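See structure below.
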Amino acid sequence: MDLNLVIALGIQIIYGIANLTLISLGLAIIFGMMRVINLAHGEFIMLGGYTVVISTNAGVNIWISMLIVAPVVVGVIGVLVERLLIRWLYGRMIDTLLATWGLSLLLIGLVTSIFGASTATTISPPLGVVSIGDYTSSAYELLLIGITVALCLIIFLTLKLTRLGLIARGTMQNEEMASALGVSTPRIYMLTFGFGAAISGFAGGLLAPVTGVLPTIGVAYIAKSFITVISGGAVILAGTVSASAVLGGVNGIVSFLTGPTIGEVALLFAAILLLRLMPRGITGRFFRKGL
Amino acid sequence: MTIFRDMRATFTIAVIGILFMVLAPTVLELFAIINLTTAIALAMLALSLALVWGYGGILCFGQTAFFGVGAYAYTVAAINSGDAATAILIAVVVAIIFASVLGYFMFYGRVSDVYLAVITLTVSLILFSLIRRTSGPEYKIGDALLGGFNGVTAPPLNLPWDRAYFLFPEHVFYVAMAFLIIAYVFTAWLVRTKFGRVVISIKENELRAELLGYDIRLYKLLIFMIGAAIAGLGGVLFCNGVGRVTPDVFNLYNSALTIIWVIVGGRGTLIGPVLGAFGIFYLTSALGTQSTINNNLILGIILIIFVLAIPKGLVPTVRDWMIERKDRRIQRVRERRIRTRRTRSSTQNAEGAGE
């Protein structure tokens, strides 16, 4: 094995890990902060993709539509969803699960009715390829890795350093105390859900050039992102990143050795094994004090 | 014997089912009968989730995984052996083994119910994407090509003593309906046995059941495996009704449908989800013939409305309403009786005073 292959393979595996992190973060925020499992997560990603495709085709610069329009639009949708549906169901975890599943079907149906069941006009990745010796790597994939790292940093700093992040963390730890201190907790819940949705929309927008958009594309993400978040446990960033690293690493290596089908099976087995050993996720045992 | 006295309603429903089984083919056309067979297969899946979730409290979002595994196992076994009876047995056994492995990891790992929901759903979705990729000629079990996205043609049922005799669609309908009735009576009996009562008590209060000395992990695993067996049998009927099995049995839409049947029909009853499956099946086929309103849209709205407004489901809601009405009537009769007695005694007193 020559050096170039190792580098190319390494990039591929890191991309797999970054991809898992990217599609799971929105879910992890909503789950970790609010204890709400959002089964419409895949549809938020799908809406992000549609937003990018539509606004780009309408003449908006592709970077603006990916980095700004998609998260804003999906974030607003998330806030609406929280106001109309989720807030009636706090504390009823199973009902939330079922209601968001209903929402997922509803969104798929709505988008299919409006845009049709097949792919809307696609957009191509805006960057070319980078060559490493005999191997090539997509520059866009490298960019996605960079953006994912930046996103994790931004979330970390927002939660750790800003006043809003502090209030949000306080609310999640002890709602009554927070509201006694004058925090409007319903508003914090609304913003958190909107923030999580915005991250999901952001991920969907970034991935739209790679995967294309379909009303049912959420399914492609939902299984992987759920596995990642559950294996990670309740701690948002440390959990998601560590679970992505383990599962993405296993998937990448096995896929390289045997092909993508077995790779996916390996990912599932790794997750089930992980949960058998650590039922509360990786952060149930390690990095418990993390963020 | 008390169990059987307790099951009077079950037997009434079973008799209605048998009458339906005998009469339906004489009234309905062949196409409707074939459709009905598919609906029965789905009702079987609904019944299995009614048992596992409604009575066992196990929130299994991927019950379709066992349904699909049963269907695939039947098809592969029937292609290889040529004997449907063996293939059915193999399908059920494979579904049970699959459930025991998955259940061992979940129950003995003490995964909480919400996690369990997501894990089972994920397993189903991964099976979907996995089997979809098996289109090449190298994916072959014995003589059976898995066929990827297009699936496999399922060999029809034949008689165990005469393999050359394949059943007609009406006969498949009889078989399916008979299986459904047997499964229904079996599950209704099961939840009334000691085993069933322990399972229900675990649903009601896990900690208390455990402190009383029951190994809740084992009970959960067993009820999960029984549910998987019924779902697997449903899968066998399904691929006989449709004529083939495709990876679509594992997809998200079908997992959602299964949950919707149980929610609409009502948790904690067996007949509710079965009726829910029939109802939603005919609703979606009616919607499928027109194209203005999307199926997903309607199902999503139904699910949200039920979760927010009718969380108990139809059958328990109607049952509670009827019990309440009956109570009120009894109450009224009693009040009237008291009132008449009082007036009578007061008139008697008056008469007595007059004398």
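The values are calculated or read from the model by the stated rules, or taken from the named source; none is laboratory data. Computed from a predicted structure; not experimentally measured. Virtual Cβ from ideal backbone geometry, glycine too; neighbours counted across all protein chains shown.
Listed by first and then second residue, the pairs linking a residue in segment B:298-309 that is facing chain A (nearest Cβ under 7 Å) to a residue that is of a type in the set (Phe, Trp, Tyr) and surrounded by fewer than 20 Cβ atoms within 10 Å (Cβ to Cβ), with Cβ atoms under 8 Å apart and 6 or more places separating them unless they lie on different chains, are B:Leu308/A:Trp88. For A:Gly233, the criteria (1) within 24 Å of A:Leu9 (Cα to Cα); (2) modelled with pLDDT under 85; (3) within 14 Å of chain B (Cβ to nearest Cβ) hold in every case but one, which is (1).
Selection of segment B:6-59 for residues being outside any helix (DSSP H, G or I) and either on the phi > 0 side of the Ramachandran plot or in contact with a helix residue (DSSP H, G or I) (Cβ under 9 Å, 6 or more places away or on another chain) (or both) yields B:Met7, B:Leu28, B:Gly56, B:Gly57, B:Ile58, B:Leu59.
The residues of segment A:251-290 that are free of Cβ contacts under 8 Å to residues at least 12 places away in the same chain, within 11 Å of chain B (Cβ to nearest Cβ) and either of a type in the set (A, V, I, L, M, F, W, C) or not in a loop (DSSP other than H, G, I, E, B) (or both), listed by number, are A:Pro260, A:Thr261, A:Ile262, A:Val265, A:Phe269, A:Ile272, A:Leu273, A:Arg276, A:Leu277. When B:Tyr74, B:Tyr55 are screened for being surrounded by fewer than 24 Cβ atoms within 10 Å (Cβ to Cβ) and out of contact with any strand residue (DSSP E or B) (no Cβ under 6 Å at 6 or more places or on another chain), only B:Tyr55 passes. Looking across segment A:86-102, the residues that are surrounded by fewer than 23 Cβ atoms within 10 Å (Cβ to Cβ) and at the interface with chain B (Cβ under 8 Å from one of its Cβ atoms) come down to A:Trp88, A:Leu89, A:Met93, A:Ile94, A:Asp95.
When segment B:108-121 is limited to residues that are of a type outside the set (S, T, N, Q) and assigned to a loop (DSSP other than H, G, I, E, B), the one that is surrounded by the most Cβ atoms within 10 Å (Cβ to Cβ) turns out to be B:Val111.
Considering the conditions (1) in contact with a His (Cβ under 9 Å, 6 or more places away or on another chain); (2) surrounded by fewer than 24 Cβ atoms within 10 Å (Cβ to Cβ); (3) polar (S, T, N, Q), A:Asn61 is excluded by exactly one of them, (1).
Highlighted here are the helices (runs of 4 or more DSSP H) found entirely within segment A:105-180 that include at least 3 residues which are within 25 Å of A:Asn61 (Cα to Cα) and without any contact (Cβ under 8 Å) to a residue 12 or more places away in the chain: A:139-161.
Selection within segment B:87-128: residues that are touching a residue at least 24 places away in the same chain (Cβ under 8 Å), out of contact with any Cys (no Cβ under 8 Å at 6 or more places or on another chain) and of a type in the set (S, T, N, Q). The member of this set that is farthest from the other protein chains (Cβ to nearest Cβ) is B:Ser100. Yes or no: B:Tyr184 buried (at least 22 other Cβ atoms within 10 Å of the Cβ), of a type in the set (Ser, Thr, Tyr) and more than 30 Å from A:Met278 (Cβ to Cβ)? Answer is yes for this residue. Note on segment B:2-45: among residues that are of a type in the set (S, T, N, Q) and either farther than 22 Å from B:Cys239 by Cα or touching a Cys at 6+ places or on another chain (Cβ under 6 Å) (or both), the one that is surrounded by the most Cβ atoms within 10 Å (Cβ to Cβ) is B:Thr10.
When you scan segment B:122-130, do you find a residue that is within 29 Å of A:Leu39 (Cα to Cα), among the β-branched types (Val, Ile, Thr) and not in a helix (DSSP H, G or I), even just one? No; the residues of segment B:122-130 include none that is within 29 Å of A:Leu39 (Cα to Cα), among the β-branched types (Val, Ile, Thr) and not in a helix (DSSP H, G or I). Close contacts from segment A:42-63, counting a first residue that is in contact (Cβ under 8 Å) with a residue 24 or more places away in the chain and farther than 12 Å from A:Phe115 by Cβ and a second that is surrounded by 24 or more Cβ atoms within 10 Å (Cβ to Cβ) and aromatic (Phe, Trp, Tyr), with Cβ to Cβ under 8 Å and a gap of 6+ residues or different chains, come to A:Gly42/A:Tyr221; A:Ile45/A:Tyr221; A:Gly48/A:Phe202.
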